[in-house]
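Enquirer: Pasting a structure below so you can have a look.
The values are calculated or read from the model by the stated rules, or taken from the named source; none is laboratory data. Values in this document were obtained by computation on a predicted structure and should not be read as measured data. Note that each Cβ is placed from the backbone with ideal geometry, even for glycine, and that neighbours are counted across all protein chains shown. Accessible surface is based on the protein model in full, side chains and every heavy atom, while ligands, DNA and RNA are left aside. Shrake-Rupley method; radii C 1.70, N 1.55, O 1.52, S 1.80 Å.
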Amino acid sequence: MTVAQLAERLHLECLALPAPDREIDGAYAGDLLSWVMGRAGTDCLWATIMNNMNVLAVATLADVSVTVICEGCEVSDDLRNAAMEKGVNLVRTELPIYELCVAVSEVLR
Amino acid sequence: MSEPLVYTFLVDGDNFTSAGEASVKMKKNLRMLAIAPDIIRRVAIAMYEGEINMVIHAGGGTATVSVHNDKIEIVLEDKGPGIADVELAMREGFSTAPETIRNLGFGAGMGLPNMKRNTDSMTIESTVGVGTRITMTVNL
């Protein structure tokens, strides 16, 4: 399933989708950036409540397909613009991380 | 054997939000050299962790990446406070990062272990009060 398809199915708010056709292969949840960097798989969806600029570097370097900011956490215009610039798919949901992951699991099955 | 391709980056110690720029640039360089994706990922992760460490602890430094025929070597050098107990610093979960950094999602004590895990060799030379030099290699 592509990032754009998943965003539509789960009604995720698209903040920046520079690569909407990227395929999602699995998911990873976490907020400790170094931990995520070491463990999140290439092409997976990353669910987090972190919303600082370093999120973009982690998303780029771990090569995740999309970053989901959960719990409706605030996303600054700077983060949004930088995501577009750096080619990072960035979406948001009001769902808590667990519930987002359950929903993702159902649609990826 | 041909000469290695060498890339040098200055890591700005005052700007935490731009930390990682050198690693992202290096990742692009390696892509252009058609290096295998899993190798690129390992180099990028190891270099990023090192970059973050230099920003958090050492006020920045330099990163030099050399691409040889058979390996990629990453050398990180700073003039920071040095690491008093390298063995302790290598332990997962051990961190001396301040609270402000932890609130940003760093300082989990995963940096050095991640660097070791993603590389084929890693040596730390550090002198308290002088600085730290970390040399990592990833075999091609």
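Enquirer: Could you please give the count of residues in the range A:35-55 that are touching a residue at least 24 places away in the same chain (Cβ under 8 Å) and either facing chain B (nearest Cβ under 7 Å) or among the acidic types (Asp, Glu) (or both)?
Expert: 3
Enquirer: Of the residues B:Gly111, B:Gly93, only one is buried (at least 20 other Cβ atoms within 10 Å of the Cβ) and of a type outside the set (Val, Ile, Thr); which?
Expert: So the residue among B:Gly111, B:Gly93 that is buried (at least 20 other Cβ atoms within 10 Å of the Cβ) and of a type outside the set (Val, Ile, Thr) is B:Gly111.
Enquirer: Taking A:Leu32 as the residue in question, decide whether it is in contact (Cβ under 8 Å) with a residue 24 or more places away in the chain, within 21 Å of B:Arg42 (Cα to Cα) and facing chain B (nearest Cβ under 10 Å).
Expert: No, not satisfied.
Enquirer: Anything in the range B:1-26 that is surrounded by fewer than 18 Cβ atoms within 10 Å (Cβ to Cβ) and closer than 22 Å to B:Asp70 by Cβ? List them, or say none.
Expert: Correct list: B:Met1, B:Ser2, B:Glu3, B:Pro4, B:Leu5, B:Val6, B:Tyr7, B:Thr8.
Enquirer: Taking the conditions exactly as written (within 19 Å of B:Glu21 (Cβ to Cβ) and not aliphatic (A, V, I, L, M)), does A:Glu85 satisfy them or not?
Expert: Values: within 19 Å of B:Glu21 (Cβ to Cβ): yes; not aliphatic (A, V, I, L, M): yes.
In short, yes.
Enquirer: If the requirement is being farther than 18 Å from B:Ile45 by Cα and more than 10 Å from chain B (Cβ to nearest Cβ), which of these qualifies: A:Val88, A:Val68?
Expert: Just a single option satisfies the conditions, and that option is A:Val68.
Enquirer: Given (1) open to solvent by 20 Å² or more (accessible area, probe 1.4 Å); (2) without any contact (Cβ under 8 Å) to a residue 24 or more places away in the chain, identify the lone condition not met by B:Ile83.
Expert: (2)
Enquirer: Pairs under 8 Å by beta carbon, first residue of a type in the set (D, E, K, R) in the range B:99-122, partner modelled with pLDDT under 90 and buried (at least 19 other Cβ atoms within 10 Å of the Cβ), six or more apart or different chains?
Expert: So the pair list comes out as B:Arg102/B:Ala108; B:Arg117/A:Gly38.
Enquirer: While we're here: Any chance you could count how many residues in the range A:1-28 are open to solvent by less than 50 Å² (accessible area, probe 1.4 Å), among the small types (Gly, Ala, Ser) and either under 26 Å from B:Leu104 (Cβ atoms) or touching a His at 6+ places or on another chain (Cβ under 9 Å) (or both)?
Expert: Looking only at that region, the number is 3.
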